[in-house]
Amino acid sequence: MLALAPAAAVSLTLAACTPKGAASTTGPKKKAVIPAGDLADKSGTLTPSNPTTFTVYIESTHQIPAADNKLTKLLKDKLGVTLKYELVTPENSDQKIGVMLAGGDFPDLIGTGDLKLRFIEGGALERLDSMLKTGKYPNVEDYVKPYIHQMSYSGTVVDKGLYILPNYNRFYGDITGGTYNGAAFWIQKRVLEEAGYPDLSNMTIEKYFKLISDYKAKHPTTDGAPTVGFEAPAPTGSEWILTNPPAMLAGSPNNGGVIVDKKNHATIYADKDIAKTWYKALNEQYNEGIVDPETFTLTNDQFQAKLASGVVLGMQDQGWQFGTATASLQSAGKDQYTYVPLMPVYEGVTPYYADRAVMNVNQGFGVSSTSKQKKEALKFLDMMLSEPWQKVLSWGIEGEDYEVGSDGKFTRTEQQRAQSKDLTWQSKNKLMAFMDMVPKHNGTFSDGNAFSPDDQPTEFYATLSAYDKAFMQKYNKKTWMEFVNKPPQNPKYYPAWNIQLDDAATQANQQMTDAAVQHLPKIIAGKTSAFDKNWKAYTDVFKQIDVKSYEDAINKGIKYRLKNW
C-alpha cells in the first residue's frame, strides 16, 4: 500500500538551459564528426560535434552531482550530451507528477518509481515498441527481449506496450552480491557486539527487542543525544515500513499488501491476527520507551537523518531505503552504528525475508511524449546500456577509480575503496541520482566482472572496514547476504505488489493505506489497556472498504502472470 505527498523539487542545470523538449542547437545540424573509442556513438546520432541537451526528471533520494563532476564532462566529451536535471525526492513526487500531467509538457527523459503508473496512463511517456523495431537501438533490444512481457504495460488506459526501461534487476550472466538490500529487522552492530555476538538463528520478536532494550538501558545516550531503540515510521511514499512487517514475521516474502498462499491465492493481512500480534508487541515496546515517540511524525528525510546520526538501534525496513544513511556513517568511520539484517518470525515459521531480486517493472527511464528529440533520447539510453558505459557508470574510470589485473579482474586500491564511500567524492565522480533510474546490467559483464564493486565477491570483502571484517569473523561470514535466508526461486507471478490495479482496486488500496496511517500510530502509541478497543476501531474501518476489489485485482494479475510469463 503506497501513497505520496507534496513538496518542492530540486533543480540543477549542468549546462546552459534549453526549453523543455527543445533541441539544444539552433539552425540545421552540422555533419556529425563521429569520435573513435568504445564510449562513442558509432551511429553518429550523439556526437560532440553536434551537442545535445536533454532535460531529465528523476525521483531519487541522492544529492545533485557537483558542477565539476567528471562523468558529466565525459558524457559531453564522448557523446556531446549535457543533462539538465530536475531531482524530486519520492515523498515529494505526488504533487509534482500532478502538476506535470496538468501542464502537459514534459522533460525529454522521465525517471520514475511511480507504481501508480501516472506518467504512462497520463500520456507523458512514448510507447517505444515501434522505435525498437527499426534496429537502431541494439542495446535496448537486448535488454528487453527476454522479458518484454514483464516490462510492458498491460492495462487498458493507453495502448499496451513498452514505455519504461526498468532500472534494477534485469540480470546478465551470474548473480553475485555482498550487500543485502532487502527486507529485514535491522539492528546496529554495536548492539550485537555488546551482547557477545549472540546466535542469530531462531530469532523472535521477543529476542530482537530484548537485545535492543538491554543495550538502550546501558547506553541511554549516543554521542550526546538520546539513544533511540526502534523506529516504525510511515513517511509518505514509504508507508510499507509500518505496514509490511506482519507478512515477514509470518514467513511470507514481500508481496506488498497481500499474502499469497500455496494455491496462489492472495489475501490482505492488514486486519488479520498476524498483524494484530505484531502491533500489540509494538504497542508494548512503545509504552516501555523503546519505540521513538517521534517516529510517526518523521518525514523520510528526517528518518534518514536520524539513521545517519547513529542514534537508532533498530528498525524494520528495506536495505536500499537507507543506503545514503549507511554511506554517511561509513564515511564518518562509524561502522559500529551501521546495521545487520535479522529475521525474527512467529513460532513454527521458517524465515523468508530474502527473495531473488525482481525486476522493477514500471520503474526506470522512459522517453517523454512531448520531447522534440525522441530518437536521440532513446539512443542516449541505448548508449548507457552498452557495456563500456555501464562500467563507467558503476566502476568509474580505469586507472582512477579501479584497476584491471593481469587476469582481467577489476579491483581497487585501499585509497580507491575509501574514497568511494565519501559523499563529497561521489558528488564529483559519480552520477548517483542518474544511476538510481538508468537501466543496468545487474549480474556480470561478458568478461566475468560483476556489475558493481559491491557485487564482486573478493572486492566486496576487501572493501569492508577493519571493524566489519572483525565483525564478520565473529559470525564466520564473508558477506551480509549470509545473514539472511538463501533466496529460493521466486514464484512465477512474483511479486504481487507491482501488479497493475484498476480504478476500484486503486481506490481500495489507497483507503487501506489511509486507514493504516491514521489508526496504527494511535494503536501503537495508545495505552496497552486500550489496545483491543483501538484495534477494533481500526479493523472496523476495513469493513467499510471494498477490500474484495483489491484482492480480486491482485488475484487476476497473478493468474495472468502464471499463464503469460
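The values are calculated or read from the model by the stated rules, or taken from the named source; none is laboratory data. The structure presented is a predicted model; accordingly, all values stated were derived computationally and were not measured. Counting neighbours? That spans all protein chains shown, and the Cβs are built from the backbone with ideal geometry, glycine included.
Remarks
- Selection from the range 219-276 of residues that are over 24 Å from Ser549 (Cβ atoms) and among the aliphatic types (A, V, I, L, M): Ala225, Val228, Ala232, Ile241, Met248, Leu249
- Test: residue in the range 457-465 that is at pLDDT 95 or above and either part of a loop (DSSP other than H, G, I, E, B) or farther than 30 Å from Asp382 by Cβ (or both): no
- Residue in the range 439-452 that is modelled with pLDDT of 95 or more, of a type in the set (Ser, Thr, Tyr) and part of a helix (DSSP H, G or I) present: no
- Contact map, the range 472-496: residues that are in contact (Cβ under 8 Å) with a residue 40 or more places away in the chain paired with residues that are small (Gly, Ala, Ser) and not in a loop (DSSP other than H, G, I, E, B), Cβ distance under 6 Å, separation 6+ or inter-chain. Pairs shown: Ala496/Ala266.
- Residue check for Ile268: surrounded by 19 or more Cβ atoms within 10 Å (Cβ to Cβ) and over 21 Å from the mean Cα position of the chain (by Cα): yes
- Considering Ala332, Ala325, Ala270, the condition of being over 26 Å from Tyr197 (Cα atoms), of a type in the set (Gly, Ala, Ser) and either in the same structural domain as Tyr215 (by TED's automatic domain parsing) or touching a helix residue (DSSP H, G or I) at 6+ places or on another chain (Cβ under 9 Å) (or both) is satisfied by Ala270 alone.
- Of the helices (runs of 4 or more DSSP H) entirely within the range 176-250, those holding at least 1 residues that are more than 30 Å from Thr444 (Cα to Cα) and more than 26 Å from the chain's Cα centre (by Cα) occupy 189-194, 205-218.
- All of (1) outside any helix (DSSP H, G or I); (2) surrounded by fewer than 22 Cβ atoms within 10 Å (Cβ to Cβ) hold for Ile274 with one exception: (1).
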